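Novice: Got a structure here, written out as structure tokens. Questions coming.
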Amino acid sequence: MTCAMRSDESGVAGFFEDLPVLAFVLCGVLLLVSSSLWVSAQLAGLRENERLEKLTDRAADMIVEVIGSSTTSYDVPTMQSIERSNLFEYLNDLLRSVHYALNISKRGGQSDWYVMVKDCFTCEVSQTAFASRLLNAIDGSGLVVVLEVRLIVWRE
Amino acid sequence: MSGENEAEDSGQLAVMDAVVFFAGAILISAGLLSLPGQIRGNSDTNDATIDVARLLDTVLASSIGTNLTMDTGRPVTVSRQALVRDCLAFEGEFLIRGGEPEVFAELNLAVTAIFDGCAPAGMDAYLLLVYRSCSEPLLALPHLPDEEATRAASSVELTLDDGLELLIVLVLSPSAPSELD
């Protein structure tokens with residue numbers, strides 16, 4: 001009888017003595033798991049952002065190529081040929097699942113000239129990416145000027 | 001009695017092990033949490049370097065925009081349609097032969113204005129003309145400040161008519177904070 005009582009007491013005392021150990025171990029494991037989950041979510045978000053940035057970069061390069069190929073008589077495109085190029089349809093084909101706004105304007109100095117193309121869609125924005133390219137174009141007076149192509153894309 | 005001591009010692013050892021494990025978990029978590037920030041920082045640096053090369057190429061291929069007349073011993077007229085690259089090549093050749101940079105003051109102003117207009121917001125553009133056999137640049141537009149800052153640079157090599165090689169270097173440096181800031 002005495003022997004059975006002693007074993008019960010040591011069992012109960014052992015359990016309570018182990019509680020701080022258990023608490024530290026559980027906290028450590030929780031910390032590791034929660035930080036790993038947070039980091040993996042962040043890295044997944046970064047990968048998605050990276051993909052969107054690459055798409056935007058590629059799209060900006062292709063827009064510059066399309067603008068460059070829109071001229072027939074000069075090595076450098078003219079501002080008129082840029083105005084005439086159908087960038088809206090091209091961008092709709094290129095950026096199917098994402099929304100975009102494209103602005104082409106003269107860089108440096110005062111100028112009112114610009115071309116703006118965007119899809120008319122408003123939504124909650126979760127990810128955005130931006131790309132900018134410089135290119136040369138001939139203006140109405142025959143000067144070679146610097147134009148900037150700015151493309152912003154976003155995902156729902 | 002000795003059995004109780006042994007049990008206490010092993011209990012304390014277990015708590016110590018748990019504390020060490022917890023401290024290790026904190027360190028590993030801190031390392032993990034700093035990872036996304038490091039990756040973001042690396043990708044930003046690469047983008048800045050690419051932009052300078054594009055900026056330099058595009059500005060060199062653009063027109064100077066104003067008619068200029070310079071006295072290089074004989075009057076030289078530069079049309080507003082002349083390309084920046086050709087103007088800088090002409091100036092570089094003149095400077096290599098020992099000419100004074102003051103002759104090209106108007107041209108330098110026009111070139112500086114174009115680079116300033118095309119430089120990204122918050123960045124100042126500095127242009128250097130370097131001749132291979134000279135340790136000092138032939139021309140610095142404007143003078144590059146000495147203080148260390150995060151800079152991005154790109155260069156283009158021009159071969160002049162008589163085979164001389166001229167290096168055009170563009171440096172982008174963060175703008176100095178103004179007194180109003």
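Novice: Compute the angle between helix A:2-69 and the longest alpha-carbon principal axis of chain A, please, reported from 0 to 90 degrees and rounded to the nearest 10.
Specialist: Long axis of A:2-69 versus the principal axis of chain A: about 10 degrees.
Novice: Just round it to a whole percent: the fraction of Cα-Cα distances in the range A:2-155 exceeding 25 Å.
Specialist: Tail fraction, whole percent: 53.
Novice: Additional query: Within 10 Å of each Cβ in B:110-117, how many Cβ atoms from other chains are there, averaged over the peptide?
Specialist: Mean shielding count: 2.
Novice: Follow-up question, since we're still on this one. For A:TRP38 and A:MET62, compute 0.36 nm times the residue count separating them, minus their Cα-Cα distance, and round to one decimal in nm.
Specialist: That works out to 5.1 nm of additional length.
Novice: Can you give the Kirkwood hydrodynamic radius for the range A:20-97, in Å, rounded to one decimal and based on Cα pairs?
Specialist: Answer for the range A:20-97: a Kirkwood hydrodynamic radius of 16.6 Å.
Novice: What does the charge count near B:GLU102 come to, summing +1 for each Lys or Arg and -1 for each Asp or Glu among other residues with Cβ under 12 Å from its Cβ?
Specialist: -4
Novice: How do A:TRP154, A:TRP38 line up, fewest other C-beta atoms within 10 Å first?
Specialist: Working: A:TRP154 19, A:TRP38 14.
The fewest-first ordering by Cβ neighbours comes to A:TRP38, A:TRP154.
Since every read-out is calculated from the coordinates, none of them should be taken as a lab result. For clarity, every value in this text was computed on a predicted model and none was experimentally measured. Ideal geometry is used to build each Cβ from the backbone, glycine not excepted, and the neighbour counts take in all protein chains shown.
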